[in-house]
Amino acid sequence: MSTYQRSAAPVPMLVRAIGNSYALWQAGRARLCIVTYHRILEAHDPLLENEPDVATFREHMKMLADCFKVLSLDQALAALRENRLPPRAVCITFDDGYRSTHDLALPVLREFGLPATVFVTSGYVDSAENMWNDRIADAVRGASGSALDLRAAGAGIVPIDGLEARCAAVQALTSRAKYLPPSERLDLIEALEALAGHGTRPLMLSSEMVRTLHRSNVTIGAHTVSHPILTKLPDAEARAEIEGSKTALEAIIGEPVRYFAYPNGKAELDFDARHTAMVREAGFAAAFSTATGAVAPGQDLYTLPRSRPWDASTFFYMLRLLRWLAS
């Protein structure tokens, strides 16, 4: 049982009081925290250490419902623009477009009446192919033996003898693949899957799931077509990724898609001023990085910070949100 659960009655009252005092102190300078998730798991998976299981996610959502004012992005950005953000303002977002957002997260959001946004990588909708990072994890999980010989793919010999080694292998291969050109990344993953096999369960949203989310108080945002690192692409390809995701998702939901999230999201490393201009020109109203901290009045709407506290306990997650709102 978490610290938050053990002291559930007094803690929300204290957090609300602290957050309200910050708002009074900040008068006219209130801040907004935008938290993000990727996959929600049915049960804890040590190879996906940063992804919460559904029980942990539910605890997070209960904490947000009890202690903070959860807004949709539309509500939050309108309030920010008009200088009327409420105390303890938070938005909930998801990246990539995993079907666990529909299957596992949506029932919890409905339980607590919370709005959210999911930034969908449009090229994976209705696809049996999973995202490259999940293919790496699935292959390492299913591999036999004590090592993977990936020298032909330029990755050397990767130990997988025991759980700790497999976790390290997933982290190392994911870090290596992230900034490879797409063709080289695919070569590495196919070499890995040739040795170790690959998962067969599709992990990404279907079109009907996207529509269900859209009808269920979940805003649909764009996250490119194929989730590339935009700085690694020629400008024409980057523009096609940005505009193509908007067009594809609008065709699914029949309404404008107003928000965009940069893949990986580190300014200057993963995207730069060229890409913020492309996003603006594509007709998006705002775009989001993965910088930590809170959104402050006057910030550029096309580089808004958005992250999730990775604290082990819900209690410290809550404290970090308060710190971001105060700083």
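Within the range 56-67, residues that are closer than 12 Å to Pro309 by Cβ and touching a residue at least 24 places away in the same chain (Cβ under 8 Å) sit with their Cβ atoms under 9 Å from residues that are of a type in the set (S, T, N, Q) and surrounded by 19 or more Cβ atoms within 10 Å (Cβ to Cβ), at 6+ positions apart or across chains, in these pairs: His60/Thr314; Met63/Thr314. Do we have any residue at all in the range 187-198 that's free of Cβ contacts under 8 Å to residues at least 40 places away in the same chain and either polar (S, T, N, Q) or in a loop (DSSP other than H, G, I, E, B) (or both)? No, the conditions are met nowhere in the range 187-198.
Of (1) under 28 Å from Arg141 (Cβ atoms); (2) within 15 Å of the chain's Cα centre (by Cα), Ile220 satisfies all except one. Which? Tallying (1) under 28 Å from Arg141 (Cβ atoms); (2) within 15 Å of the chain's Cα centre (by Cα), Ile220 fails exactly one: (1).
Residue-by-condition table, conditions (1) among the hydrophobic types (A, V, I, L, M, F, W, C); (2) open to solvent by 40 Å² or more (accessible area, probe 1.4 Å); (3) out of contact with any Pro (no Cβ under 7 Å at 6 or more places or on another chain); (4) under 16 Å from Cys33 (Cβ atoms):
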| position | (1), (2), (3), (4) |
| --- | --- |
| Asn83 | no, yes, no, no |
| Pro87 | no, yes, yes, yes |
| Asp96 | no, no, yes, no |
| Leu106 | yes, no, yes, no |
| Leu114 | yes, no, yes, yes |
| Ser122 | no, no, yes, no |
| Ala128 | yes, yes, no, no |
| Trp132 | yes, no, yes, no |
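Does Arg31 satisfy the condition of being crowded, with 19+ Cβ neighbours inside 10 Å, touching a Pro at 6+ places or on another chain (Cβ under 9 Å) and at pLDDT below 95? Here the answer is yes, as Arg31 does meet what is asked. Could you check, for the range 203-219, whether at least one of its residues is open to solvent by 60 Å² or more (accessible area, probe 1.4 Å), under 17 Å from Gly97 (Cα atoms), polar (S, T, N, Q) and not in a helix (DSSP H, G or I)? Taking every residue of the range 203-219 in turn, at least one turns out to be open to solvent by 60 Å² or more (accessible area, probe 1.4 Å), under 17 Å from Gly97 (Cα atoms), polar (S, T, N, Q) and not in a helix (DSSP H, G or I).
Residue selection: Arg151 fails the criterion of being more than 30 Å from Leu71 (Cβ to Cβ), open to solvent by less than 50 Å² (accessible area, probe 1.4 Å) and basic (Lys, Arg). If you go through the range 127-158 and keep only what is among the hydrophobic types (A, V, I, L, M, F, W, C) and in a helix (DSSP H, G or I), you end up with Trp132, Ile136, Ala137, Ala139, Val140, Ala152, Ala153.
Residues of the range 94-126 that are free of Cβ contacts under 8 Å to residues at least 24 places away in the same chain and under 11 Å from the mean Cα position of the chain (by Cα): none at all.
The single residue among Thr174, Thr121 that is over 30 Å from Gly298 (Cβ atoms), hydroxyl-bearing (Ser, Thr, Tyr) and touching a Gly at 6+ places or on another chain (Cβ under 6 Å) turns out to be Thr121.
The values are calculated or read from the model by the stated rules, or taken from the named source; none is laboratory data. In this text the structure is predicted, and so the values were computed from the model without any measurement. We place every Cβ from the backbone using ideal geometry, glycine too, and count neighbours over all the protein chains shown. Only protein heavy atoms, including side chains, enter the accessible area calculation; ligands, DNA and RNA are left aside. Shrake-Rupley method; radii C 1.70, N 1.55, O 1.52, S 1.80 Å.
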